[in-house]
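Written out below as structure tokens is the structure these notes cover.
The values are calculated or read from the model by the stated rules, or taken from the named source; none is laboratory data. These figures come from a predicted structure and were not determined experimentally. Cβ coordinates were reconstructed from backbone atoms using ideal geometry, including for glycine residues, and neighbour counts include every protein chain displayed.
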Amino acid sequence: MINLTNIQQAIPPGLEDKGVEFYVHNNDIKCLHDGKVYNWGEFPTWILERVLQDMQEHPEVIKALLEWDLTQEEEMLRQYIICRFGGFDNDPDIDSDGVIDYTEYFDCGRRGNCAQEGKLCATIKVENGHLTKQELLVLKLVAEGLPNKLIADRLFISEETVSSHNQNIQQKLGVNSKAMMTAFAIRKNIYEPK
């Protein structure tokens, strides 16, 4: 008989626990909770109430949604979930105690062109702070394998600024190499290897 007690495996939140993981698939919002996948319109009431409470705690988000001409509570809630939690990762969007955590990056296809960018979408919370929009851009290009010179050219900044961003990112992530930055970027869906 094989001893299974030493096997360590990352299980998506909500699959084997009471956590919640939202994600967008085939242009629809889904939610993984308590071993079940729920489609938009079928989410358990307590989950929608918890997200609505979180949304209401951020008046800047309500303002951004209204500027986007979203006025109905259901459509506001739907867009809020897409922008804040749309990516699939191994960190629960709502943990089993009901605590919401903003830990993921989701590229909805509008990044860089969205008038509400930074107002609705959350920055990524990491071990030692939050990654800024510019740090996310640098991280993505590092993960693509670009050297500092090409990153600087692409972002219209100096190589010294790129180097400073790399140091800040590494400090915030608690890592010490570009390889570890890349691993983080892949794990958090910031970069998808081709």
Conditions (1) surrounded by fewer than 12 Cβ atoms within 10 Å (Cβ to Cβ); (2) within 20 Å of A115 (Cα to Cα); number of the one not met by K63: (1)
Hey, L48 aliphatic (A, V, I, L, M), at pLDDT 95 or above and in contact with a helix residue (DSSP H, G or I) (Cβ under 7 Å, 6 or more places away or on another chain) or not: yes
Filter result (at pLDDT below 95 and of a type in the set (D, E, K, R)) within the range 173-194: R187, K188, E192, K194
Residue list for the range 20-37, filter: buried (at least 17 other Cβ atoms within 10 Å of the Cβ) and within 15 Å of P92 (Cα to Cα): V20, E21, F22, Y23, V24, K30, C31, L32, H33
Criterion (in contact with a Phe, Trp or Tyr (Cβ under 8 Å, 6 or more places away or on another chain) and farther than 30 Å from Y80 by Cβ) met by exactly one of V175, V162: V175
Qualifying residue in the range 77-99 (condition: hydroxyl-bearing (S, T, Y), within 23 Å of A115 (Cβ to Cβ), within 14 Å of the chain's Cα centre (by Cα) and crowded, with 20+ Cβ neighbours inside 10 Å): yes
Matching residues, the range 18-58, being free of Cβ contacts under 8 Å to residues at least 60 places away in the same chain and hydroxyl-bearing (S, T, Y): Y38, T45
Matching residues, the range 65-110, being over 15 Å from I29 (Cβ atoms), of a type in the set (G, A, S) and at pLDDT below 90: none
Only one of L150, L139 that is in contact (Cβ under 8 Å) with a residue 12 or more places away in the chain and either in contact with a His (Cβ under 9 Å, 6 or more places away or on another chain) or of a type in the set (A, V, I, L, M) (or both): L139
